[in-house]
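Nothing in this text is a laboratory measurement; each read-out follows from the coordinates by a stated rule. Source: prediction; values computed, not measured. Reconstructed Cβ throughout: ideal geometry from the backbone, glycine too, with neighbour counts over all protein chains shown.
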Amino acid sequence: MKAIVTGGAGFIGSNLADALINLGWSVSVVDDLSSGKTENLNPAAKFFKKDIVDPTVREAFEETRPDVVFHLAAQISVADSVRNPVKDARINLEGSLNLLQSCVEFGVGKFIFSSSGGTIYGETPGEPATEQFPLRPFAPYGISKMALESYLKFFSVEHGLKYTSLRYGNVYGPRQDPHGEAGVVAIFARAMLEGRTPTINGDGSCLRDYVFVGDVVRANIAAIDKGHNGAFNIGTGKATDVNEVYALLSAATGFGAPAIRGPFRAGDLKRSVLNNALAGETLGWSPQVPLDEGMKLTVKFFKEQAARNKARE
């Protein structure tokens with residue numbers, strides 16, 4: 001079987017590419033390296049340095065003739081989408097439509113889309129949100145994810161393209177970028193390992209659904225043959241606040257200092273938690289990695305990365 005993984009030099013995409021190659025798949029990675037890293041690329045993968053907005057991305061399809069496309073390439077910053085909604089739409093909508101057109105042209109069997117349960121629902125008070133929860137994204141990032149899910153329905157009806165949309169919770173784990181605003185687990189872990197005290201915005205009570213990257217990879221693989229033309233929450237169903245994340249990472253790193261407290265960040269959701277029952281029933285998927293274990297695996301990765309970087313000096 002042959003696959004294209006867009007964003008395959010990034011955090012989730014590179015972990016997915018590795019898993020597919022380990023399963024014996026022929027994998028092509030499409031990535032413009034704007035945020036992905038060459039060190040994440042699996043040497044067994046064919047690499048196409050392409051921007052998904054560029055129409056020449058079809059060349060990767062023409063050469064690969066993939067059975068499945070896993071679409072993870074995206075503009076991922078919610079704050080950047082607010083500052084520049086045109087750029088967000090250009091990458092997350094126009095770029096994705098480029099890929100879908102190529103899927104039709106080259107007869108791709110399945111398109112697996114990385115959507116966002118963390119933004120597409122908005123606030124999720126009360127019980128964890130099911131897939132029937134109203135879609136109420138506020139930021140352009142979430143709006144573009146919601147819009148592309150509608151485009152997927154169109155391509156399914158009009159062209160017969162099978163798809164699965166996976167609505168992720170807050171994904172964390174090895175290879176997450178600790179720079180910038182995204183990925184509080186990676187940001188905190190790297191800071192603690194370097195002896196710097198992380199800052200918690202506000203009182204640390206914001207609740208999120210943290211799901212380990214290895215579990216997200218398994219969800220993508222489960223969607224190859226299941227869940228056709230549906231959307232599924234990929235989360236744990238468990239609410240964890242930032243204070244607990246800090247405590248778990250502090251224990252995993254041996255960092256003893258209390259957090260610095262900063263101002264609450266405007267626009268942050270108070271609560272975002274996902275019900276994963278439908279993914280269990282239809283995809284046969286459930287999260288396997290407990291949060292404390294996932295935190296330890298993440299810290300282990302950053303320790304090993306730091307040792308490799310030091311050895312190169």
Which of ARG218, ARG271 has the fewest Cβ neighbours within 10 Å, and the rest in rising order: ARG271, ARG218
Residue order, fewest to most surrounding Cβ atoms within 10 angstrom, among TRP25, TRP285: TRP25, TRP285
Mean residue ellipticity (222 nm) of the chain, computed from DSSP H runs ≥ 4 via -39,500 (n - 2.57), nearest 500: -12000 deg cm²/dmol
Estimated inter-spin distance, ASP203 and GLU123, nm [label 7 Å along Cα→Cβ]: 1.5
Estimated FRET transfer efficiency when R0 is 30 angstrom, pair ASP292-LYS226 (beta carbons, to 0.05): 0.50
Net lengthening on full extension, ASP177/GLU62 (0.36 nm per residue, minus Cα-Cα): 38.3 nm
Cut-off 11 Å between beta-carbons: net charge of the residues surrounding ILE52, Lys and Arg +1, Asp and Glu -1: -2
Under 12 Å, Cβ to Cβ, from LEU152 - net charge with Lys/Arg +1 and Asp/Glu -1: +2
Contour excess over end-to-end distance, with Cα ends at ALA307 and ALA257 and 0.36 nm allotted per residue: 15.7 nm
